[in-house]
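Inspection log for the structure reproduced underneath, given as structure tokens.
FYI, it's all coordinate maths here, none of it is from the lab. Predicted model, so just to flag it, every value in this text is computed and none were measured. Cβ atoms come from the backbone with ideal geometry, glycine included; neighbour counts cover every protein chain shown.
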Amino acid sequence: MGKSIWTPERALSSSPEFPCPKEILDAQVLLEIKHLSFDNTVKLGHIVVNKIVAKDVSCFFEEALRLKFPIDNITPAAAYNFDDEALMAGNVSSGFNYRLIAGTDKVSKHGLGLAFDINPRQNPYIRYPKDGEPIVEPHGVVWDPHLPGTLSENHPLVVLMKQKGWEWGGDWLPESGRTDYQHFQK
């Protein structure tokens, strides 16, 4: 594990096209995370989250390492220009990403640093349009709870976060319009 390229100034930023208010940026913290990669080596990652949930998020990653739960890549959204599609395609586990909830003027939980995603290629986001087939993001991914790095209802990491008062997107029913297996929010 080498020296980090992530400084708080670099990681704690927002998209120039959609700047984040200073008070929200000031509430974020950069966490350095050790995690087991899919190649079975321990790597160093970084995630930005709100200071008020930093202890819970650190606990999640400590438990993931203890359980030998593989995580592909933990990197601040700034490395991917705050592009959700790029983050999902890159299988990036990330937290803070300033944005609004689609179709609203309300800041999302990710935009407040109160949400994080884990292994999007193992734990896809599925939209259920009123007319038509479900849309899986990232494209072509199939959720299989038996594969390494995949979360499920009874997975110890999901149980842990629910005990800490977090909501898991895998519990969201198709009637809600989406299921988000990668997503935790508080």
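Computed quantities for the displayed model
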read-out: The chain: mean projected area of Cα convex hull, nm²; value: 10.7
read-out: Chain lengthening between Ser15 and Lys162 when straightened (0.36 nm per residue, less Cα-Cα); value: 49.8 nm
read-out: For the stretch 126-170: rounded, prolate or oblate by the Cα gyration tensor [a/c cutoff 1.5]; value: oblate
read-out: Efficiency of FRET between Leu65 and Leu173 - r from beta-carbon atoms, R0 35 angstrom, step 0.05; value: 0.65
read-out: Per-pair calculated FRET efficiency, R0 = 30 Å: Val136 and Lys106 via Cβ, rounded to 0.05; value: 0.75
read-out: Stretch gain in nm, segment Leu25-Thr41, where the contour uses 0.36 nm per residue and the Cα spacing is subtracted; value: 2.5 nm
read-out: Pairwise centroid distance, computed over Cα atoms, of the stretch 148-185 with the stretch 15-81, Å; value: 17
read-out: About the Cα centre, charge dipole magnitude for the stretch 72-186 (Lys/Arg +1, Asp/Glu -1 at Cβ), debye; value: 380
read-out: Charge dipole of the stretch 8-72 about the Cα centre (unit charges at C-beta), most positive-ward option of Ile52, Ser13, His35; value: His35
read-out: The chain - mean residue ellipticity at 222 nm from DSSP helices (-39,500 (n - 2.57) per run, n ≥ 4, rounded to 500); value: -5000 deg cm²/dmol
read-out: Violating pairs (Cα-Cα greater than 31 angstrom) within the set Lys68/Lys106; Lys43/Lys130; Lys43/Lys164; Lys130/Lys186; Lys22/Lys68; Lys22/Lys164; value: Lys68/Lys106; Lys43/Lys130; Lys22/Lys68
